[in-house]
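Here's the structure we're looking at; comments come further down.
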Amino acid sequence: MSEFQTCPHCGKPTPEENLRCIYCSERLPVNSGVIGGLRFGRGRSLFLIVVALVLFGFFALYRLF
Ligand SMILES: [Zn+2]
């Protein structure tokens, strides 16, 4: 199963999971496609973990004083 995106360089349909266009071999934007989605998801969960740790630290300090 592969979705197609239009290459911004030559305008031809290229499989979304490709990092480079199969026609002109120019780099495709990473924020689209399966890989971009995975990266975004990972970054988002990392951000949530950092926020949770900061909140936990805040509560620990609040209980100390
Ligand atoms: Zn292209």
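The values are calculated or read from the model by the stated rules, or taken from the named source; none is laboratory data. Computed from a predicted model, the values in this text were never measured in an experiment. Cβ atoms come from the backbone with ideal geometry, glycine included; neighbour counts cover every protein chain shown.
Within the range 22-34, residues that are closer than 12 Å to Pro8 by Cβ and modelled with pLDDT under 55 reach partners that are part of a loop (DSSP other than H, G, I, E, B) and within 14 Å of the ligand (Cβ to nearest atom) with beta carbons closer than 9 Å, at six or more positions or on different chains, in the pairs Ser32/Glu16. Among the residues making up the range 1-21, those that are modelled with pLDDT under 90 and not in a strand (DSSP E or B) are Met1, Ser2, Glu3, Glu16, Glu17, Asn18, Leu19. Against the condition assigned to a helix (DSSP H, G or I), at pLDDT below 90 and either more than 16 Å from the ligand (Cβ to nearest atom) or exposed (fewer than 11 other Cβ atoms within 10 Å of the Cβ) (or both), how does Val50 come out, does it pass? So Val50 fails the test.
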